[in-house]
1. Scan segment 1-48 for residues that are of a type in the set (Asp, Glu) and at pLDDT below 80 and jot them down.
2. Return only the number of the condition from (1) exposed (fewer than 10 other Cβ atoms within 10 Å of the Cβ); (2) not in a loop (DSSP other than H, G, I, E, B) that ARG29 does not satisfy.
3. Of everything in segment 6-20, what is under 10 Å from ALA42 (Cβ atoms) and surrounded by 15 or more Cβ atoms within 10 Å (Cβ to Cβ)? Give them in sequence order.
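The values are calculated or read from the model by the stated rules, or taken from the named source; none is laboratory data. Predicted, not measured: the structure shown is a model, and the values here were computed from it. No Cβ is skipped: glycine too gets one built from the backbone with ideal geometry, and neighbour counts run over all protein chains shown.
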Amino acid sequence: MTFKNGRGLVVISAGDQVSVPAKGRTTYRVSTISSGRVEEIAHCEVDPIAVANW
């Protein structure tokens, strides 16, 4: 997950992996308080890679 500012520059990047059920949704909370740059975040982008465990 990458958080970007209004100009498209990366403000915070979180490299954690999150399990999401097939055709489902998951809420994932990221702690951004320690970065001190929360007010700069305009949007986030999620890496769409899906890995199946068989």
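1. Just the residues of segment 1-48 that are of a type in the set (Asp, Glu), to begin with: 16, 39-40, 45, 47.
Once the filter is applied, which keeps residues that are of a type in the set (Asp, Glu) and at pLDDT below 80, segment 1-48 yields ASP16, ASP47.
2. Unmet for ARG29, out of (1) exposed (fewer than 10 other Cβ atoms within 10 Å of the Cβ); (2) not in a loop (DSSP other than H, G, I, E, B): (2).
3. Restricting attention to segment 6-20, the residues satisfying the condition of being under 10 Å from ALA42 (Cβ atoms) are 6-9, 11.
Matches in segment 6-20: VAL11 only.
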